[in-house]
1. At 7 Å along the Cα-to-beta-carbon direction for both residue 193 and residue 84, put a label point, then send me their distance in nm to one decimal.
2. Taking the beta-carbon count within 10 Å as an exposure proxy, list 156, 143, 127, 117 from fewest neighbours to most.
3. In nanometres, what is the gap between the two model label sites at residue 107 and residue 179, each 7 Å from Cα along Cα-to-Cβ?
4. Could you tell me whether the range 122-202 comes out rounded, prolate or oblate from its Cα gyration tensor? Rule is a ≥ b ≥ c as square roots of the eigenvalues, rounded for a/c under 1.5, then prolate if a/b exceeds b/c, otherwise oblate.
5. If we count other beta carbons within 10 Å of each Cβ, what is the order of 147, 104, fewest first?
6. Less than 14 Å from a label point 7 Å out along the Cα-to-Cβ axis of residue 74: which backbone N atoms in the range 91-131 qualify, by residue?
7. Rounded to the nearest 0.05, what FRET efficiency is calculated for residue 148 and residue 122 with R0 set to 41 Å and r the Cβ-Cβ distance?
8. I want to make sure I understand the PRE zone here: with the label point 7 angstrom from the Cα of residue 138 toward its beta carbon, which residues in the range 154-188 have backbone N atoms less than 16 Å away?
């Protein structure tokens with residue numbers, strides 16, 4: 001069983017391009033393949049490589065933000081050229097993932113074209129609230145101006161805060177009950193249907 005697990009780890013490492021074919025064959029030829037000391041050294045190499053990759057990506061994301069703030073960039077090709085000059089020769093696929101992660105959009109500039117733009121603090125806060133709500137809620141029910149939201153265990157506080165940020169003037173206040181329930185009090189005259197309508201404006205994928 002141990003030998004099988006060792007071979008499985010080596011297969012994963014080869015698939016992730018951590019080991020070359022020659023290195024893999026050399027390790028396979030060892031009689032002590034089951035010795036986890038071998039795997040420890042290899043896995044340590046993986047950890048170092050992954051740490052380097054994370055640091056490189058964070059540095060690249062900071063440079064992307066700096067370039068978008070400093071230039072009116074209209075296309076990914078233009079941004080790729082600027083990144084190459086900064087020492088980051090990435091592919092367009094990688095850049096697309098970075099832009100999605102940073103939630104970059106395009107805004108109309110003064111010359112009738114469109115330039116990349118970073119989200120404002122309000123947009124970041126709204127995006128975080130949407131994420132917290134979708135990650136935590138299970139169901140929504142209401143009676144009169146009282147809404148009851150069931151959440152996954154431990155998510156009631158984050159869901160309640162998300163509602164405060166997204167619910168607009170319809171929400172009078174929220175109470176996080178047990179660790180899996182949120183009570184929402186709506187203002188006089190506001191119905192559960194009206195509350196859901198407001199929430200769906202902010203979260204189109206919301207289902208009730």
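Where a number appears in this text, it was derived from the coordinates with a stated rule and is not lab data. Keep in mind the model is a prediction, meaning the values are calculated, not measured. Quick reminder, even Gly has a Cβ in these numbers, built from the backbone with ideal geometry, and neighbours come from all protein chains shown.
1. Each label point lies 7 Å from its Cα, and together they span 5.8 nm.
2. Values: 156 24, 143 8, 127 13, 117 18.
Fewest to most other Cβ atoms nearby, the residues stand as 143, 127, 117, 156.
3. Those two pseudo-labels are separated by 4.1 nm.
4. Values: a/c = 1.77, a/b = 1.13, b/c = 1.57.
Oblate shape, in that a/c is at least 1.5 and b/c is the bigger or equal ratio.
5. 104, 147
6. Hits in the range 91-131 for residue 74 at 14 Å: 107-116.
7. Numbers: r = 28 Å, r/R0 = 0.69.
Result of the calculation: an efficiency of 0.90.
8. Correct set: 154-160, 177-183.
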